[in-house]
Amino acid sequence: MKRFLALMLMVVMIVTLVSCVQKGKPSDSSNTTTADLATDKAHSTLLFDEPVKITIMAPYHDSWPFQEDWYVLDLIKRKTNVTMVMDAVASTGWVDKYNITMASTDLPDIIWDFTAAQANTYGPEGAFVNILDHMDKLPNFKKFYEQYKPNVISNMSSDGALYSFPIYGIGNTNLRGWLYRKDIFDKHNIPVPANGDEFYNVLKQLKGLYPESYPLTFRENLTHFKMAATAWGTCNTEYYDWDKKVWKFGPTEENFKDMLAYYKKLYQEELIPMDWHTLTVQQWTQIVTTGNAFLTLDYIARVDTFGNPMRNENPEVDFRYMVPPAFGKNGQQKLRFSCESNTVMSPCAGKNQDNTLKFLDWMYSDEGKDILSWGEEGVTYEIVNGERKWKPIEGMEISAATLRQKYGLSTNGMYLFFDYNSHAANFSLQLKEADTLAQKYQDIQIPMVSLNQDEDAIDKTKGVAIRDHYRANAAKFILGERPLEEFEAYVQELKALGLEEYLDILGKAFKRQTGS
């Protein structure tokens, strides 16, 4: 028994000694301090030092319904210390939900919407924050504003306030351009045209080689000129001349008359379909995909959506983006701005508005833009040969849809300033080239004008009458049903409908909207 007690006493002494030695080791104390400092440093780089909760209401698509365990939510929390609480609404019930919410006094911190119109309606009543009053606290948005001013202006209210943060970048999916069959051009040694005369000669040459074809085929009848008119130095509707700072109506201009004459010539020589003005999307698709057209003007995604199926039958099929030729006397190598995205995020007024503004401003930062578009290296993407590539997802083909379903990236409310290169990462080489060129050859954006109630009433009467008269007569000029010699009479008819008054109203409204 005495031996046992002595042994136990010895063990206790040894343990105590070891413990004292370990506590006295400077390396352990140093390691603990370093870990604590690393933790403190990590917290100091967060957007908020303390946890913040931000509520948001947004509609969600049936193809990628909102998920509480989405990666993007955890990503945002780790990078900013913000927990996003989403009120996800089925898109079919969005209007009713919006109206019910605005009728209550219990607003979320952010409301995602399809346009700024609603925020511009309720903003003056105090529901939303006027962002322009807080620009000193929004360094990232201020930088965005200076770079993309026409886009920001388009979301302003009629009294010059800004109640919504514009979503930008995701609209690249709407990019349009001239697309041509490079394989056919190469086969016959046809050079890519750089001006209107060369464009016409190319069509004539193709018609000679393929008599049953309509070398240039397009859909949407007169809507085709929404894009094409820019290359003639004009527009198919009212537009803002940024140089002269006045509003004009393109269909009254000499450049527009020249364009109508050009298309009339193409029609008469059967270089475009005889039923171009009534051609359906299905008919247009049939003509292009059966090799009976070699040029079109449409979404650049057609490079793949048309090209890939056609290559299954003919591997040589090669659709490409064509640098826009400059047409007419005052033409330019540009097409209409088509990175169109009207969606917005509107910060609601309330006790959490400062945190909300700070968080939304972060979405415009380089970090916010990057991680909300791509996620994280090693998690969602990897670097291969100096380029970012999405990591494979088991059982899923990588696309914008699958990235939304899997990670929640680029879903409503989860970004503001988007890097479209993330979606383009899986494009074909032809489509990547088209995406780059289409951005390069876009004209400056035509801003949207916010009208007050009286001005809007005039737009819905005189404005509609003016646009309808243009559409009715433009088709007649091309079809030969009205001689182009009557173009000046047609201009006078538009003036009789109140064109000059209408443009004057737009000018005054725009000056009020922009504070200039």
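Among G196, G160, which is in contact with a strand residue (DSSP E or B) (Cβ under 8 Å, 6 or more places away or on another chain) and among the small types (G, A, S)?
Selected residue: G196, the only one of G196, G160 that is in contact with a strand residue (DSSP E or B) (Cβ under 8 Å, 6 or more places away or on another chain) and among the small types (G, A, S).
Could you tell me whether F256 is modelled with pLDDT of 95 or more, farther than 25 Å from T278 by Cβ and buried (at least 22 other Cβ atoms within 10 Å of the Cβ)?
Against the criterion (modelled with pLDDT of 95 or more, farther than 25 Å from T278 by Cβ and buried (at least 22 other Cβ atoms within 10 Å of the Cβ)), F256 does not qualify.
So which strands (runs of 3 or more DSSP E) stay within the range 173-290 end to end and still have 2 or more residues that are over 24 Å from R320 (Cα atoms)?
238-241, 246-249
Among residues belonging to the range 200-233 that are of a type in the set (S, T, N, Q) and free of Cβ contacts under 8 Å to residues at least 60 places away in the same chain, point out the one that is nearest to I444 (Cα to Cα).
In this case the residue turns out to be T223.
Give me the residue from the range 139-157 that is of a type outside the set (V, I, T), open to solvent by less than 30 Å² (accessible area, probe 1.4 Å) and in contact with a strand residue (DSSP E or B) (Cβ under 9 Å, 6 or more places away or on another chain) and, out of that set, nearest to N352 (Cα to Cα).
Across the range 139-157, the extreme among qualifying residues is F141.
Select the helices (runs of 4 or more DSSP H) contained entirely in the range 1-98, then report the ones holding at least 2 residues which are open to solvent by 90 Å² or more (accessible area, probe 1.4 Å) and modelled with pLDDT of 50 or more.
Helices (runs of 4 or more DSSP H) meeting the threshold: 71-80.
Could you grab me the full set of residues in the range 409-429 that are farther than 30 Å from T237 by Cα and either among the acidic types (D, E) or surrounded by 19 or more Cβ atoms within 10 Å (Cβ to Cβ) (or both)?
Result: L409, S410, T411, N412, G413, M414, Y415, D419, S422, H423.
Can you tell me which residue among K369, K358, K329 is part of a helix (DSSP H, G or I) and over 20 Å from the mean Cα position of the chain (by Cα)?
From the options K369, K358, K329, the qualifying one is K358.
Listed here are the residues, each with its yes/no results for (1) more than 23 Å from the chain's Cα centre (by Cα); (2) open to solvent by less than 60 Å² (accessible area, probe 1.4 Å).
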site	(1), (2)
K265	yes, no
Q268	yes, no
W276	yes, yes
L279	yes, yes
F294	yes, yes
P309	yes, no
E316	yes, no
V323	no, yes
Q333	no, no
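Which of (1) open to solvent by 40 Å² or more (accessible area, probe 1.4 Å); (2) β-branched (V, I, T); (3) assigned to a helix (DSSP H, G or I) does I444 not meet, given it meets every other one?
Here I444 clears every test but (3).
Does at least one position in the range 58-78 carry a residue that is closer than 15 Å to M345 by Cα and free of Cβ contacts under 8 Å to residues at least 24 places away in the same chain?
Scanning the range 58-78 turns up no residue that is closer than 15 Å to M345 by Cα and free of Cβ contacts under 8 Å to residues at least 24 places away in the same chain.
Among the listed residues K432, K406, which satisfies the condition of being closer than 18 Å to E68 by Cβ and surrounded by fewer than 22 Cβ atoms within 10 Å (Cβ to Cβ)?
Going through K432, K406 in turn, the sole match is K406.
For the range 368-389, how many residues meet the condition of being open to solvent by 20 Å² or more (accessible area, probe 1.4 Å) and touching a Phe, Trp or Tyr at 6+ places or on another chain (Cβ under 7 Å)?
Qualifying residue count for the region: 3.
The values are calculated or read from the model by the stated rules, or taken from the named source; none is laboratory data. What you see is a predicted model; the values in this text were computed from it and never measured. Cβ coordinates were reconstructed from backbone atoms using ideal geometry, including for glycine residues, and neighbour counts include every protein chain displayed. Note: areas computed on protein heavy atoms with side chains; ligands, DNA, RNA excluded. Shrake-Rupley method; radii C 1.70, N 1.55, O 1.52, S 1.80 Å.
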